[in-house]
Amino acid sequence: MAYREVTMLEIKEVLRLWQAGVAKKRIAAQLGIDPKTVRRYVQLAVDRGLTIGGELVDEAVEAVVVAVRTLPERARGDAWATCIAEHEFIRTKLADRVRLTKVWRLMTRRGVHVPYSTLHRYAKDELGFGRGRATVLVDDGEPGRELQVDTGWVLTLRDAQGRRHRKRAFIFTSNVSRYRFVFPVERETTADAIAACEAAWAFYGGVFHVLVPDNLKAIVNKADPLAPEINHVFLEYAQARGFQIDAARVRTPTDKARCERAVRDVRDDCFGGEEIEQMELAIVRARTWCSTEYGMRRHSTTQRMPKEHFEAVEAAALLPEHGRVV
């Protein structure tokens, strides 16, 4: 089991903040440690006579450090033993940047059943699986108003000779519900962009009022903070469909915050660990992931399931799906 050394400096800072009246969860967030760890330190300190507002001396801190390091190790159960047996599989998938939730589902497909909480603890303790960075919240805007789109390398197809071919996908994310649609493509041309939009309107059951592309070459000929030059063919398509194009500014993540990490999520969670040989199967896989996996998983920010959220507040606000461009 990996061992994380407990330093006197860390414990002293926890106890110092606690004695100053700082809430335990706030201490955990400020120092980047688990709230349960903070509660354990504080309880050990209380057991040794420390109180809020009292004097913090090195002898008291040393007593808490000794107590922490001599706590009995919690016994591991059968699920942990299963994780040990699957160590190489878990390590390899994480090294390939497959998300831990997807690793868990791949294990389940193979008939290996462990609670996700156990897998998470194992990956954290034994494989150094870390925490993600905090994100900055931005205004969601009006329901059904904006659809952000980005592209990226998300999957690899194998041909009949076993050769690997990287493929990109258009990734659409609605601004309010975060309901996502993924459309893999052979190339990234204007025709592919139009085909991807058509598939998106069919998926959502309507047209969003504003499309926010991340300066894709298939849509934006020349990026500019005030007057980007939109591809004429795509502009005509947008006019026929009735939506506006509001290209994101270069190096301005808040303009496209909803799709800023979309490429990574689709690559690691949708296609991570999958063996796909044909583009048609990749399209089917992407649609299934959007509607039944990602779409029905509670979003960490909205605390709602994207598909149900979309159907409840955004679907009715879309422009009708008519005037289809062929």
Across region 80-90, what is the number of residues that are crowded, with 16+ Cβ neighbours inside 10 Å and of a type outside the set (Phe, Trp, Tyr)?
4
Of the residues that sit in region 1-59 and are outside any helix (DSSP H, G or I) and of a type in the set (Asp, Glu), which one is modelled with the lowest pLDDT?
5
As an exercise: evaluate residue 123 against (1) part of a helix (DSSP H, G or I); (2) out of contact with any helix residue (DSSP H, G or I) (no Cβ under 9 Å at 6 or more places or on another chain) and give the number of the one condition it does not meet.
(2)
Pair list, Cβ under 6 Å, 6 or more apart: region 90-103 residue assigned by TED's automatic domain parsing to the domain that holds residue 154 and closer than 12 Å to residue 120 by Cα, other residue crowded, with 18+ Cβ neighbours inside 10 Å and basic (Lys, Arg):
none
With the requirement that a residue be within 21 Å of the chain's Cα centre (by Cα) and of a type in the set (Asp, Glu), what does region 302-322 give you?
308
Pull up region 97-120, narrow it to residues that are within 17 Å of residue 273 (Cα to Cα) and of a type in the set (Ser, Thr, Tyr), then point me to the one that is surrounded by the most Cβ atoms within 10 Å (Cβ to Cβ).
101
Mind listing whichever residues of region 152-175 are under 16 Å from the mean Cα position of the chain (by Cα), under 18 Å from residue 247 (Cα atoms) and either part of a strand (DSSP E or B) or aliphatic (A, V, I, L, M) (or both)?
152, 171, 172, 173, 174
Pick out the one residue from 324, 251 that is out of contact with any strand residue (DSSP E or B) (no Cβ under 6 Å at 6 or more places or on another chain), outside the structural domain of residue 155 (by TED's automatic domain parsing), of a type outside the set (Phe, Trp, Tyr) and modelled with pLDDT under 95.
324
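Go through region 176-200 and report how many residues are of a type outside the set (A, V, I, L, M), assigned to a helix (DSSP H, G or I) and buried (at least 24 other Cβ atoms within 10 Å of the Cβ).
First, the residues of region 176-200 that are of a type outside the set (A, V, I, L, M): 177-181, 183-184, 186-190, 192, 197-198.
Filter once more, so that each one left must be assigned to a helix (DSSP H, G or I): 190, 192, 197-198.
Those still in the list that are buried (at least 24 other Cβ atoms within 10 Å of the Cβ) too: 197.
Of the residues in that region, 1 qualify.
Across region 139-172, which residue is farthest from residue 98 (Cα to Cα) among those that are aliphatic (A, V, I, L, M) and buried (at least 18 other Cβ atoms within 10 Å of the Cβ)? Before the answer, list the steps.
Of all residues in region 139-172, those aliphatic (A, V, I, L, M) come to 147, 149, 154-155, 157, 160, 169, 171.
Keeping just the survivors that are buried (at least 18 other Cβ atoms within 10 Å of the Cβ) gives 147, 149, 154-155, 157, 169, 171.
Working: 147: 26, 149: 22, 154: 11, 155: 12, 157: 16, 169: 17, 171: 18 Å.
By that ranking, first place goes to 147.
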Using beta carbons and a limit of 9 Å, which pairs, at least six apart or on different chains, have the first residue in region 53-81 and more than 30 Å from residue 114 (Cα to Cα) and the second one modelled with pLDDT of 75 or more and among the polar types (S, T, N, Q)?
53/19; 54/19; 55/19; 56/19
Single unsatisfied condition, residue 211 versus (1) under 21 Å from residue 305 (Cα atoms); (2) in contact with a Leu (Cβ under 9 Å, 6 or more places away or on another chain)
(1)
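The values are calculated or read from the model by the stated rules, or taken from the named source; none is laboratory data. All values derive from a computational prediction rather than experimental measurement. Here the Cβ is made from the backbone with ideal geometry for all residues, glycine too, and neighbour counts use every protein chain on show.
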